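Structure, as structure tokens:
The values are calculated or read from the model by the stated rules, or taken from the named source; none is laboratory data. None of these values were measured; they are calculated from a predicted model. Counting neighbours? That spans all protein chains shown, and the Cβs are built from the backbone with ideal geometry, glycine included. Keep in mind that these areas ignore ligands, DNA and RNA; they rest on the heavy atoms of the full protein, side chains included. Shrake-Rupley method; radii C 1.70, N 1.55, O 1.52, S 1.80 Å.
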Amino acid sequence: MTLTIPFDNSYARLPNSFYARQAPIPVRSPHLVAFNEELAQILRVTPGDVHEMAEAFAGNTLPEGAEPIAQLYSGHQFGSYNPQLGDGRAVLLGETVGTDGIRRDIQLKGSGPTPFSRRGDGRAWLGPVLREYVVSEAMQAMGIPTTRALAAVETGEVVLREGPMPGAVLTRVAQSHLRVGTFQVFASRGQTDNLRKLTDYALARHYPSAEGPMGLLRAVRDTQARLIAQWMSVGFIHGVMNTDNCSIAGETIDYGPCAFMDSYHPNTVFSSIDRMGRYAYSNQPDIAVWNLAQLATALIQQVDDPEAAVEEATEIVHAMPSLIHQEWLARFRAKIGLTIEKDGDEALITDLLTRMAENRSDFTNTFRALGDDNARDQFLSPEAYDTWAEGWQARMVREECPKAVMNAASPAFIPRNHRVEQMIQAAVNGDYAPFHRLNKVLARPYVDQPDAADLRNPPTDEEVVHATFCGT
Ligand code: AMP
Ligand code: MG
């Protein structure tokens, strides 16, 4: 069999100013370490032999039909505007239309310098590549919109980070790589024509039933609102919600310093560069609204009647907090087994969360244990649970099948930080067994898997990961 990818490229048909033509830069001795067959089938990708796939997914050879480009974008990084970012260590090979009718980008990440690399080397090391592979596939399995991982290759080269590290390339798959920052770059340059073309492209590709820039804004708001609520519901902290990492398609994108919380606290931050806690767990809804406001500002640059558009955009953005809140409430209701809506539900949920924070309860295990009736063990002071549970039990009387509802809303397995770090350490030493095991278990996050009970444990004091890094 030879590797075939039925490319059907559309982004490369947009004006030249949207990207730079850039082939991946070959690497010394690529070695395929992971290939996602299930995703390949959806993409209509026919796998080739291992050697051929290593060459292709390292960027040493270009599959027929690939038109490699590095995409232009800009964005707000930690609140300040950077007028030009762009793919500095990635190239888009092209797109396929999958068996599900969905068009997706196939991108190599870590494939060498591009015109947008600035001072970077255009490369990635194995750690962040495997981290993104595992975490993005886990998000997919949890039912949370996300970019995905098709392949990972070790390059046989060394990249310099904190020290010399093994180089790697990830093949990332996304419904598109359109970001808020893709709109911002044309808006800030006053390139109204390009902005209009981009808006039309985004509407046609992602929201064909929406109309015009304000229709796009509303559609992005709705998908982002759902996404953020889903993150909150599994204790996910993205870590770097810059506008260039905010997808127009509403997928989780850019798994840099992201992490899942172990013990619950609303102010949790992992990213070593997020010193102010801008992207802390509980700030994520506000940041999503802030990012949408940046999209609104960019989109407005193309309308003929800005005054009316500003009014409409303001109304669209202002409605976002309550949409996120509704999505949040729906998910947390399910997490405590409620299907019937009642007035006191929100107070019941926030009371539980307050007690969890005070008792350093493990976020994932506490919610999962509610369905198994043994959540009190998760509290430093079990009475804190008991007094909450009295009210909860009283409220549950009319609920039909709460355990099933709870277990479908609260995964048993998440990619815990310490497990991800241990997996990376093992892979660096040539042992891929933990990587494969994590992928296998995390593919069924809502199913109790007794053999994998160790992967449910929070970290011991020695295992705790205090900070995560972008890995750039
Ligand atoms: P990120 O933090 O991944 O969102 O990246 C922010 C910007 O830095 C993007 O323009 C990236 O392409 C660029 N970048 C990150 N790492 C590298 C690298 N190793 N080489 C070149 N550019 C990079
Ligand atoms: Mg990024």
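Observations on the structure shown:
- Residue count for segment 267-290, restricted to those that are within 23 Å of residue 468 (Cα to Cα) and either hydroxyl-bearing (Ser, Thr, Tyr) or assigned to a helix (DSSP H, G or I) (or both): 12
- Scanning segment 339-376 for residues that are within 22 Å of residue 401 (Cα to Cα) and among the β-branched types (Val, Ile, Thr) gives 339, 340, 349, 364, 366.
- In a residue-by-residue description of segment 334-356, the property of being under 23 Å from residue 452 (Cα atoms) and of a type in the set (A, V, I, L, M, F, W, C) applies to no position.
- Qualifying position, being within 16 Å of ligand 2 (Cβ to nearest atom) and open to solvent by less than 10 Å² (accessible area, probe 1.4 Å), among 256, 235: 256
- Long-range neighbours under 9 Å by Cβ, at least six apart or interchain, first residue at positive phi within segment 151-163, second in a strand (DSSP E or B): 156/31; 156/166; 156/167
- A residue that is in contact with a Phe, Trp or Tyr (Cβ under 8 Å, 6 or more places away or on another chain) and charged (D, E, K, R) can be found somewhere in segment 315-335.
- Of residues in segment 246-276 being out of contact with any helix residue (DSSP H, G or I) (no Cβ under 8 Å at 6 or more places or on another chain) and of a type outside the set (A, V, I, L, M), the one nearest to ligand 1 (Cβ to nearest atom): 257
- Applying the criterion of at least 3 residues that are at negative phi, out of contact with any Ser or Thr (no Cβ under 6 Å at 6 or more places or on another chain) and of a type in the set (Gly, Ala, Ser) to the helices (runs of 4 or more DSSP H) found wholly in segment 169-260 leaves 212-234.
- Residues of segment 329-347 that turn out to be touching a residue at least 12 places away in the same chain (Cβ under 8 Å) and surrounded by fewer than 20 Cβ atoms within 10 Å (Cβ to Cβ), as a count: 10
- Selected residue (only one of 449, 378, 422 is more than 16 Å from ligand 1 (Cβ to nearest atom), polar (S, T, N, Q) and closer than 28 Å to residue 167 by Cβ): 422
- Top-ranked residue of segment 348-392 - restricted to ones that are assigned to a helix (DSSP H, G or I), hydroxyl-bearing (Ser, Thr, Tyr) and open to solvent by 20 Å² or more (accessible area, probe 1.4 Å), ranked as farthest from residue 328 (Cα to Cα): 387
- Of all residues in segment 72-113, those satisfying the criterion of being within 19 Å of the chain's Cα centre (by Cα), β-branched (Val, Ile, Thr) and open to solvent by less than 10 Å² (accessible area, probe 1.4 Å) are 91, 106.
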